[in-house]
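Just below is one structure, and these are the notes that go with it.
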Amino acid sequence: MPQYQAVKGTRDIFPEEAARWKYVEGVVDALASLYGFSEIRIPVFEYTELFQRGIGSTTDIVGKEMFTFLPDPNGRSLTLRPEMTAGVMRAVLQNNLLASAPVHKLYYIGELFRKERPQAGRQRQFSQFGAELLGVSSAAAVAEVITLMMEVFRSLGLHGLKLRLNSLGDTDDRLRYRVALQDYFSPFADILDEASKERLEKNPLRILDSKNPALQELIAGAPKLYDYLNEVSVHDFEKVLSYLRQRNIAFDIDYRLVRGLDYYCNTAFEVTSSELGAQDAIGGGGRYDGLARELGSSADVPAVGFAVGMERLLMTMEKQGLFEAIAPQSPLVYVVVQQQELADHALQMVYRLRNAAIKTEIDLAARSMKAQMREANRTKASYALFVGATEFATGLYSLKNLATSEQTMLSLEAVLELLRELPAREPLKL
Ligand code: AMP
């Protein structure tokens with residue numbers, strides 16, 4: 001075994017898979033732009049307090065999953081970002097962006113870090129793409145971000161994903177519900193597991209999130225948050241649903257859906273894939289009107305957003321055979337050198353071909369003709385261009401179509417003409 005291994009919970013992405021990532025990122029970029037979202041890139045680490053305030057100290061993320069470190073003994077504690085929303089809001093508030101335009105529509109694709117137990121679909125470094133709509137969180141805004149997310153899935157050709165929605169109500173609704181949950185679960189404190197017992201005091205909504213099979217029946221009988229919503233919250237939720245129906249976006253209402261993060265209010269949503277096994281959540285989001293004030297803003301910043309896990313998205317696409325047509329682009333020409341004395345001449349030809357935007361490869365290791373031909377075939381080049389003594393003397397090179405084995409003698413100018421005329425080979429088309 002080599003001495004150095006990648007850190008547990010991280011992985012390398014090699015070229016064939018990187019081509020898949022690029023393809024997905026291209027679809028995300030194109031759709032986000034179509035919907036009027038612009039890209040934001042923020043630092044990979046932030047001051048730890050940002051996440052403690054912005055995500056909430058009772059959440060698993062802040063409680064036990066953050067990679068936190070001190071840059072030096074007197075420095076302020078830093079944390080690798082475990083999610084993007086708090087950082088995006090920090091960036092917008094810090095730069096007072098809402099003064100220039102009251103609404104900002106931002107999207108991102110980036111790496112996140114959580115100290116979770118690695119398993120299939122769960123890594124310590126993973127990536128998300130997501131969008132944040134800051135400055136308005138009307139039903140139309142909520143429906144807009146959900147539509148964007150679902151359109152990405154549709155454009156990628158995914159099927160069988162389940163969108164579930166719930167309304168978490170406003171702060172007062174949740175306070176009343178919190179008391180109702182504590183009243184309901186308290187008599188059963190002895191049968192609750194340790195994690196749920198802890199949540200009973202601090203954040204009883206999170207008990208509903210428990211995957212413990214022994215608790216499912218008890219959880220099923222708990223009061224529904226929906227019954228504690230005020231009229232405005234109900235109306236707002238209904239409006240979101242009516243937009244989704246108008247757009248033919250299928251969904252289920254799931255009264256048990258609560259999101260792990262504290263700052264959500266009103267509409268919350270999650271998308272799952274039956275292709276993924278235990279870690280079946282592919283993305284989710286919701287409204288987070290409370291976050292800006294939590295981060296010290298004197299004004300309210302209504303907001304809504306979503307985040308989708310890239311690895312799980314790619315895994316689902318792979319299972320559904322959506323990458324079969326995607327392959328790294330092959331060279332159009334492979335220049336084969338018959339005598340090594342001509343290698344420099346051949347290299348010059350390669351650069352002329354590349355300057356004409358013709359994708360050209362050549363062996364840089366001075367290997368035998370046979371080895372060069374093997375490479376030409378392995379890289380699935382369309383043509384081989386032979387450079388030998390006769391070619392060098394006459395200025396006519398033999399160009400071989402590797403699919404048909406047809407061969408012609410041409411000057412370099414004629415080769416350039418011919419290959420430039422060929423239609424650009426379509427990369428990564430589904
Ligand atoms: P969250 O920010 O927890 O709502 O997660 C949003 C999405 O990110 C999830 O639905 C997953 O697809 C993905 N995700 C979250 N945590 C991980 C992880 N540890 N490894 C891989 N993907 C993750």
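Could you please let me know if VAL258 is within 10 Å of the ligand (Cβ to nearest atom) and either part of a loop (DSSP other than H, G, I, E, B) or not acidic (Asp, Glu) (or both)?
No.
Need the failing condition index for LEU353 against (1) open to solvent by 60 Å² or more (accessible area, probe 1.4 Å); (2) of a type outside the set (Ser, Thr, Tyr); (3) on the phi < 0 side of the Ramachandran plot, just the number.
Of everything listed in (1) open to solvent by 60 Å² or more (accessible area, probe 1.4 Å); (2) of a type outside the set (Ser, Thr, Tyr); (3) on the phi < 0 side of the Ramachandran plot, LEU353 misses just condition (1).
Return a yes/no flag: does the range 301-308 have any residue that is within 30 Å of GLU275 (Cα to Cα) and either charged (D, E, K, R) or not assigned by TED's automatic domain parsing to the domain that holds ASN96 (or both).
no
Determine, yes or no, whether MET84 is touching a helix residue (DSSP H, G or I) at 6+ places or on another chain (Cβ under 6 Å) and either within 13 Å of the ligand (Cβ to nearest atom) or at pLDDT 95 or above (or both).
Considered against the rule, which asks whether it is touching a helix residue (DSSP H, G or I) at 6+ places or on another chain (Cβ under 6 Å) and either within 13 Å of the ligand (Cβ to nearest atom) or at pLDDT 95 or above (or both), MET84 comes out as no.
Between GLY286, GLY321, GLY296, which is at pLDDT 90 or above, under 19 Å from the mean Cα position of the chain (by Cα), at positive phi and surrounded by fewer than 14 Cβ atoms within 10 Å (Cβ to Cβ)?
Within the list GLY286, GLY321, GLY296, the selection yields GLY321.
What's the number of the only condition in (1) without any contact (Cβ under 8 Å) to a residue 24 or more places away in the chain; (2) within 21 Å of LEU291 (Cα to Cα) that VAL179 fails to meet?
Result: VAL179 fails condition (2) only.
Name the one entry in ARG164, ARG206 that is closer than 26 Å to GLY130 by Cβ, assigned by TED's automatic domain parsing to the domain that holds SER137 and not hydrophobic (A, V, I, L, M, F, W, C).
Testing whether each residue is closer than 26 Å to GLY130 by Cβ, assigned by TED's automatic domain parsing to the domain that holds SER137 and not hydrophobic (A, V, I, L, M, F, W, C) leaves just ARG164.
For the range 27-104, give me every one of the helices (runs of 4 or more DSSP H) that falls completely inside it and has 2 or more residues that are open to solvent by less than 20 Å² (accessible area, probe 1.4 Å) and closer than 18 Å to GLU132 by Cα.
Counting at least 2 such residues, we get 48-55, 85-94.
Just wondering, is there one or more residues in the range 271-282 that are in a loop (DSSP other than H, G, I, E, B), modelled with pLDDT of 95 or more and open to solvent by 10 Å² or more (accessible area, probe 1.4 Å)?
Within the range 271-282 (the criterion being in a loop (DSSP other than H, G, I, E, B), modelled with pLDDT of 95 or more and open to solvent by 10 Å² or more (accessible area, probe 1.4 Å)), the answer is no, since none of the residues qualifies.
If you check every pair at least six apart or on different chains, which have Cβ atoms under 7 Å apart with a residue in the range 107-129 that is assigned by TED's automatic domain parsing to the domain that holds ILE61 and within 9 Å of the ligand (Cβ to nearest atom) first and a residue that is assigned to a loop (DSSP other than H, G, I, E, B) and among the acidic types (Asp, Glu) second?
Sorted first by the residue in the range 107-129, then by its partner, the pairs are LEU112/GLU83; ARG122/GLU116; ARG124/GLU116.
All but one of (1) of a type outside the set (Phe, Trp, Tyr); (2) open to solvent by less than 30 Å² (accessible area, probe 1.4 Å); (3) in contact (Cβ under 8 Å) with a residue 40 or more places away in the chain; (4) assigned to a helix (DSSP H, G or I) hold for LYS239, so report the exception by its number.
Of everything listed in (1) of a type outside the set (Phe, Trp, Tyr); (2) open to solvent by less than 30 Å² (accessible area, probe 1.4 Å); (3) in contact (Cβ under 8 Å) with a residue 40 or more places away in the chain; (4) assigned to a helix (DSSP H, G or I), LYS239 misses just condition (2).
When you scan the range 273-309, how many residues do you find that are over 18 Å from TRP21 (Cβ atoms) and near the ligand (Cβ under 8 Å from one of its atoms)?
The qualifying residues number 4.
Of these, ARG174, ARG90, ARG124, which one is at pLDDT below 95 and on the phi < 0 side of the Ramachandran plot?
Just one listed residue meets the conditions, ARG174.
Report, by residue number, each residue of the range 115-147 that is open to solvent by less than 40 Å² (accessible area, probe 1.4 Å) and part of a strand (DSSP E or B).
Correct list: PHE126, SER127, GLN128, PHE129, GLY130, ALA131, GLU132, LEU133, LEU134.
Restricting attention to the range 184-201, report how many residues are assigned to a helix (DSSP H, G or I) and surrounded by 13 or more Cβ atoms within 10 Å (Cβ to Cβ).
9
Six or more apart or on different chains, Cβ under 8 Å: which pairs go from a residue in the range 1-20 that's closer than 29 Å to GLU324 by Cβ to one that's away from the ligand (no atom under 16 Å from the Cβ) and of a type outside the set (Phe, Trp, Tyr)? Could you list them?
PRO15/PRO328; GLU16/ALA327; GLU16/PRO328; ALA19/ILE326; ALA19/ALA327; ALA19/PRO328; ALA19/LEU428; ARG20/ILE326
Quick one: ARG312 ticks every box in (1) within 16 Å of the ligand (Cβ to nearest atom); (2) of a type in the set (D, E, K, R); (3) in contact with a helix residue (DSSP H, G or I) (Cβ under 9 Å, 6 or more places away or on another chain) bar one, so which box is it?
Tallying (1) within 16 Å of the ligand (Cβ to nearest atom); (2) of a type in the set (D, E, K, R); (3) in contact with a helix residue (DSSP H, G or I) (Cβ under 9 Å, 6 or more places away or on another chain), ARG312 fails exactly one: (3).
Return the pairs, sorted by first residue and then second, in which the second residue is at pLDDT below 95 and among the hydroxyl-bearing types (Ser, Thr, Tyr), the first residue lies in the range 37-61 and is under 21 Å from ASP209 (Cα atoms) and assigned by TED's automatic domain parsing to the domain that holds GLN123, the beta carbons are less than 7 Å apart, and the residues are 6+ apart or on different chains.
GLY54/TYR263; GLY56/TYR263
Which of (1) modelled with pLDDT under 95; (2) within 16 Å of the ligand (Cβ to nearest atom); (3) not aromatic (Phe, Trp, Tyr) does ASP72 not meet, given it meets every other one?
Condition not satisfied by ASP72: (2).
The values are calculated or read from the model by the stated rules, or taken from the named source; none is laboratory data. Small disclaimer: the values here were computed from a predicted structure and weren't measured. No Cβ is skipped: glycine too gets one built from the backbone with ideal geometry, and neighbour counts run over all protein chains shown. Keep in mind that these areas ignore ligands, DNA and RNA; they rest on the heavy atoms of the full protein, side chains included. Shrake-Rupley method; radii C 1.70, N 1.55, O 1.52, S 1.80 Å.
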